[in-house]
Amino acid sequence: MSAAPSLLWFRQDLRLSDHPALAAALERHAAVIPVFVWAPEEEGPWPPGAASRWWLDASLARLQGDLEKRSSRLIVRRGPSAAALSRLAAETGASAVFWNRRYEPAATARDREVTRILGERGLAAESFNGSLLFEPGAILSGAGQPFRIFTAFWRACQNTPVAPRSKDAPARLPSPENWPPSLSLSDLGLQPAVDWAAGFRQVWQPGESGARRQLDRFLKNALADYPVNRDRPGLAGTSRLSPHLHFGEMSPGQVWRAVFERIEGPRDACQAYLRQIAWREFAYHLLVHHPESPAQPLRPEFARFPWRTDPPRFKAWKRGVTGYPLVDAGMRELWRTGWMHNRVRMVAASFLVKHLLIGWREGAAWFWDTLVDADLANNTLGWQWVAGCGADAAPYFRIFNPILQAEKFDPQRAYVRRWVDPQAGEAPPRPIVDHAEARARALVALESIKRR
């Protein structure tokens, strides 16, 4: 008698190479039934935003095609996850479920419950690290405590070996004799009813093959000059791999090894880029050890910060009509493409929380809905860093001057010209706040929580 099939539960690991859960399922030498369960209600306060749903739909379609090339298919079901997996196991006679771990608070709680329920029903359930270089609990200080400063965390990462590569994508997946029924991707309603994503399709290629092409372009064309060009939004100086990494179309291990194995680049350029991969690791390190951080500042005194409610100015910021060209360029790039250059993200976020004194959680929620790379760990770290209330945060008195930032990092105005220079006859928006006055107001607000 052949071994019972295994269910391979895809989540944010939408690839077939360097996939530990898939490798474990194949080791059983039995049929593998890939499944995706749509259960946004299990994501707590952070179900996928509109831009993320667009990417997810496209990435799942690519995964379906990749599986079909290997004599397999993707079974699509709706949640709850435990019920969907249990039902699918009963339909197919599967005796085991494999998946790669997620680390967001709601996801880890859900996974514990899924493991419990599957175990009660006699199913083996096993998870793996398929999305990080290091398990969040593996990098600790000499005293066994979580890090709060990135430099010390990065030093520890450099002294810790990266896990070896898992297997390449198989040429064929063993299939069951009979496939169970499946929903179509269109049944999930991930695509927008109004086609606001036309600009997304012009600049992104979701899926594992798209991730490989993007990595190849970066290694060939941009890595050597990365330390200088990564802060220049008018140049193609960054990897733009963040959405591919978030959806697991490529593992950070694949990126890490490619930098060392496939490119003979300057050592300082390689280190500068790998440092950014380590920032992603640090974000998950913080999220796991501080699961309250998406809603609460890590520095408790910021709970008393006098944030303002200012709907007209918040709307102007979201629309990219603040009157500060670099901020407006970033916000319009975000709206058109679902992405924003990291330097500009810092400037735009700083403008919201320090020029307008609108809370970082408001900005984080907007980015969550509009970024194709919306990632709870990275989004939380970035906004708390800019606001000055997180781990390793910017000094409270650091208030980016958007005009000087544009002069320094977009000196030829290539970025601003692309996104905000007015059309013929169109007057540019006037600044909604004066920089000097806004800076003084922010410093007073920041001093007030220090005095308290």
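Laboratory data are not the source of any read-out in this text; all were calculated from the coordinates shown. A quick note: this is a predicted structure, and the numbers were derived from the prediction, not measured. Cβ: placed from backbone, ideal geometry, glycine included. Neighbour counts: every protein chain shown.
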Requested in this report: Compute the relative contact order of the chain as a whole-number percentage, counting only Cα pairs closer than 8 Å that sit 6 or more residues apart in sequence.
Outcome: 18 percent
Requested in this report: Considering only DSSP beta bridges where both residues belong to the stretch 36-133, give the percentage that are antiparallel (nearest 5).
Outcome: 0 percent
Query - Amide H within-cut-off set for Phe128, under 5 Å, with H built and near neighbours excluded - result: Trp99, Asn100, Arg101
Report task. Let me know the volume per residue of the alpha-carbon convex hull for the stretch 1-130, in Å³. Result -> 101 Å³
Report summary line: Projected convex hull area of the stretch 41-82, Cα atoms, direction-averaged, in nm², equals 3.6 nm²
Query raised in the report: Taking the simple approach of a point 7 Å from Cα along Cα-to-Cβ for both Ala171 and Glu120, what is their distance in nm?
Result: 4.5 nm
**Report entry** Magnitude of the charge dipole, the stretch 88-167, Cβ model with Lys/Arg +1 and Asp/Glu -1, debye to 20
**Finding:** 280 debye
Requested in this report: Calculate the spin-label point distance for Thr108 paired with Asp434, positioning each point 7 Å from the Cα along the beta-carbon direction, and give it in nanometres.
Outcome: 4.8 nm
Report summary line: For the chain, the dipole about the Cα centre with charges only on Cβ (Lys and Arg +1, Asp and Glu -1), to the nearest 20 debye, works out at 860 debye
Requested in this report: Only helical DSSP H runs with n ≥ 4 go in: add -39500 (n - 2.57) per run for the chain, normalise by residue count and round the 222 nm mean residue ellipticity to 500 deg cm²/dmol.
Outcome: -14000 deg cm²/dmol
Report task. State the answer as a single residue: which of Ala107, Ser209, Ala269 lies farthest towards the positive end of the charge dipole of the chain, with beta carbon charges of +1 for Lys and Arg and -1 for Asp and Glu, about the Cα centre. Result -> Ala269
**Report entry** Relative exposure of Val114, Val327, Val433, Val228, judged by other C-beta atoms within 10 Å (fewest first)
**Finding:** Val228, Val433, Val114, Val327
Report task. Whole Å is fine, so just give me how far the alpha carbon centre of the stretch 46-124 lies from that of the stretch 162-186. Result -> 12 Å
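Taking N as the number of residues in the stretch 173-235, what is its Cα Rg relative to 2.2 N^0.38 Å?
The value comes to 1.79.
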Report summary line: Assertion target for His435, His285, ordered by fewest C-beta neighbours within 10 angstrom first, is His435, His285
Query - Cα pair count fraction exceeding 37 Å, expressed as % - the chain - result: 28 percent
Query raised in the report: What would the Debye formula give as log10 I(q)/I(0) at q = 0.09, 0.12, 0.20 Å⁻¹ for the alpha-carbon point model of the stretch 300-451, no solvent?
Result: -0.26, -0.47, -1.34
Report summary line: Among Cys389, Gly253, Leu356, the residue whose Cα sits farthest towards the positive end of the charge dipole of the chain (+1 at Cβ of Lys and Arg, -1 at Cβ of Asp and Glu, taken about the Cα centre) is Leu356
Requested in this report: First check a/c for the stretch 45-196, with a ≥ b ≥ c the square roots of the eigenvalues of its C-alpha gyration tensor; if it is under 1.5, answer rounded, and if not, answer prolate when a/b is larger than b/c or oblate otherwise.
Outcome: prolate
Report summary line: The residues Asp373, Asp195, Asp392, sorted from fewest to most surrounding Cβ atoms within 10 Å, come out as Asp195, Asp392, Asp373
Report summary line: As straight-line cross-link partners of Lys220, the qualifying aspartates and glutamates (C-alpha separation under 19 Å, not fewer than 8 residues apart within one chain) are Glu208, Asp231, Glu261, Glu264, Asp268
